[in-house]
1. Given N residues in the protein assembly as shown, what is Rg(Cα) / (2.2 N^0.38 Å)?
2. Relative to the other copies, what are the label-point distances for C:P121, with labels 7 Å from Cα along the C-beta vector, expressed in nm at one decimal and sorted shortest first?
3. Using a 1.4 angstrom probe on the protein heavy atoms only, could you order A:T97, C:T11 from most to least accessible area?
4. For peptide B:130-141, what's the mean number of Cβ atoms from other chains within 10 Å of each residue's Cβ?
5. Starting from a label point 7 Å past Cα on the Cβ side, list the distances from D:S198 to the same position in the other copies, nm, shortest first.
6. In debye to the nearest 20, how big a dipole does segment D:32-114 give about its Cα centre with +1 on each Lys and Arg Cβ and -1 on each Asp and Glu Cβ?
7. Got a number for the accessible area of B:W58? Probe 1.4 Å, square angstrom, nearest 10.
8. If you take the alpha carbon radius of gyration of segment D:17-58 and divide it by 2.2 N^0.38 Å, what ratio comes out, to two decimals?
There are 4 protein chains.
Amino acid sequence: MADDQGRRAHTGRRRNEEAARAILRAARELLERGDGAGVSVDAIAAAAGVGKQTIYRWWPSKSDLLLDALVEGARGLAPAPDEGDLGSDLAAFLTATFRGARDPAVAAALRQVAAEAQRDPRAAGLLRSFTEDRRRVLRGLLERAAARGELSPAADLDLLVDQAYGVLWYRLLIGHAPLTEAAAAALAAALARQATASP
Amino acid sequence: MADDQGRRAHTGRRRNEEAARAILRAARELLERGDGAGVSVDAIAAAAGVGKQTIYRWWPSKSDLLLDALVEGARGLAPAPDEGDLGSDLAAFLTATFRGARDPAVAAALRQVAAEAQRDPRAAGLLRSFTEDRRRVLRGLLERAAARGELSPAADLDLLVDQAYGVLWYRLLIGHAPLTEAAAAALAAALARQATASP
Amino acid sequence: MADDQGRRAHTGRRRNEEAARAILRAARELLERGDGAGVSVDAIAAAAGVGKQTIYRWWPSKSDLLLDALVEGARGLAPAPDEGDLGSDLAAFLTATFRGARDPAVAAALRQVAAEAQRDPRAAGLLRSFTEDRRRVLRGLLERAAARGELSPAADLDLLVDQAYGVLWYRLLIGHAPLTEAAAAALAAALARQATASP
Amino acid sequence: MADDQGRRAHTGRRRNEEAARAILRAARELLERGDGAGVSVDAIAAAAGVGKQTIYRWWPSKSDLLLDALVEGARGLAPAPDEGDLGSDLAAFLTATFRGARDPAVAAALRQVAAEAQRDPRAAGLLRSFTEDRRRVLRGLLERAAARGELSPAADLDLLVDQAYGVLWYRLLIGHAPLTEAAAAALAAALARQATASP
DNA sequence: CGATAAGCGAGACGGTACGTCTCGTCTTTGA
DNA sequence: TCAAAGACGAGACGTACCGTCTCGCTTATCG
């Protein structure tokens, strides 16, 4: 399906990065296409023109692959702006983050990985470290605002982070409301108000 | 596994409520026991001493069963207090809600159902309506506070609800932090501050 | 309501003999068709319109299935004649036996099972007991001749059996010469001569 | 596994005979060790401390390698004696042949190659020419006896050869009886009797 | 004597088949 | 007359091999 014209060149005993890329691309395409249908490893392998073992050589399980496909898609999504103002920084960050998660392939991958994580401890670990990383970025943004004295002393940074990503995941997984930019802006404003309000 | 001593009595052509209860009980036990291992319908049927068809007679799919097991466990958890004060109402509600979701069987069921919902549209619908119901309760609480004039005109009730349940689900599914009562209280205070702060 | 040509009727909790028959039939057809190509379980399942698990429910491994397909095909091949004369009894038996083994499906099954038996101890056991059974029939024929005093006292019945089946298997597996009826007759005559010759 | 002390010296652009020998040795060791388990090319390569390609450079397929390992082991086993007497010549030849095939590595190789031959036409061809060669030796022995006038005019030389090797292969592949020297002697005597008996 | 040719260990690659697992549907049979 | 028992079709999972390919190295041979 992916690259029909021309076989991939072998790379001998070295990992074939092109094959790895084809796998990730196929994974993302299938995630995007099949709406939550559940993507099979066989399908990914076939779409990438790859033996199944080549997938399992580099990714210990389907979850790892999906997470990588997701990270690939989410690359560069969260630059963590620093404009000197909590409100605008938050708005910029959450808007970008929501926009990234709105990408169909990214959204599908996030959802599938989250689903795997509920069954497979290994997937849970992967997802945990992925989210940990994202949390740290947002927390850094908040810490800079705190250092500038913008936040009320009562503000709980971790709880703020939980609220921001909580809304994201909640909407993503339940699907009761879209991840619009307006929603991101409203959430940013609300969190800024909460963080600056005196107790 | 479940009811060793004594066979269940047949009830003729009427639904055997005792069997249904045994199924739910077995489901909850397996959810609780198998830490995220993924519970199979066959396992539930065997544990309940029940034919698989008896399960599918009353629940159209595994997700429906798990959701019922969950609701069974969560029964009465959300009384939506009305004490006349936003802060204490929110604290009471969130504390009770977090406590309910902390129950191992309830947590496991929520996680499994959420996982199913990412693949199966039917499960997604079920989860959606389940959460919709919970959202409505919390929104009612907020609306009453608004009617009492406690909220800033800028407060976005739906967004507040998303923040509250977002934190719950986010912690539940990612597992980076526990659903303690302290967390519930802190969240309640933060949301109250946000809702009452002037823009 | 075993309706339209094609679908098999379910048999509920009982083994579906029709499905088993379809599996054996498909196995024999594929054995016959694919000249030694090696028949896959998936192919058999697909050809029989059956889930793979249904095969593995009744046959613990591919070898068992192939052996059954073979026995099915070889049914009634070895009536062990008793006409009161060693020469004609042997000729009749070997001719019938060779004719049976000349059937493409039977030959293919024999060869495949023999191949499996060289790797898989379980298959080896199966093949052993299959051949044991055939040996016993031929040995009975020889014993009756011995009881009639037709054999030299020096005749070694087991060795005669080994010679007869040895030629069969040797030709079958190496393929250097066909299992013609003339060959069976010549072998019968040679063995009779050997068995009756005085040391 | 094979050569622990010291790496093999490179031979530059010349074929490294030592590597070839290590491969054959590893193959024979694994055949002997793994009781019918089925020896993989990867395992042989690893045991010989050799790249897989080095195997495929010199042997076009696994069967070729196994057959070579076998021939290596069976070297000099079949001198085709000529003592001027059918009985003793046959006994000497069959005893030596059975003894050779009793060697665990030789037996395993013969069995594995025979197994391959049932699936792979190339392996079938190899096995065929290997057996053809052995047949010719035994047939030569018989022809000399015939030239000496020892055989009955009714004797069918090819059928005698088939019986001798048939018993060998039959016992080897089915495993119902061992390839003892006593069996070889008995077989030789029986075949001599058959060949000399008047019709 | 330096360039070149080939063998070598290593191991990734595309493929095929294996045997296991679970889902949701179906029918029989035991109480 | 139900419901337990469990077989069934479907299809994904992760593993084991096969025979091919390329890399980076080493050594003999040839210009």
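The values are calculated or read from the model by the stated rules, or taken from the named source; none is laboratory data. Small disclaimer: the values here were computed from a predicted structure and weren't measured. Cβ: placed from backbone, ideal geometry, glycine included. Neighbour counts: every protein chain shown. Accessible surface areas use protein heavy atoms only, side chains included; no ligands, DNA or RNA. Shrake-Rupley method; radii C 1.70, N 1.55, O 1.52, S 1.80 Å.
1. Dividing the Cα radius of gyration by 2.2 N^0.38 Å gives 1.39.
2. 3.3, 3.7, 5.3
3. Numbers: A:T97 20, C:T11 60 Å².
Greatest to least solvent exposure: C:T11, A:T97.
4. 1
5. With the label placed 7 Å along Cα→Cβ, D:S198 yields 1.2, 13.5, 13.6 nm.
6. Values: 8 positive and 11 negative charges, 100 e Å.
In debye, rounded to 20, segment D:32-114 gives about 480.
7. So the heavy atoms of B:W58 present about 90 Å² to solvent.
8. 1.06
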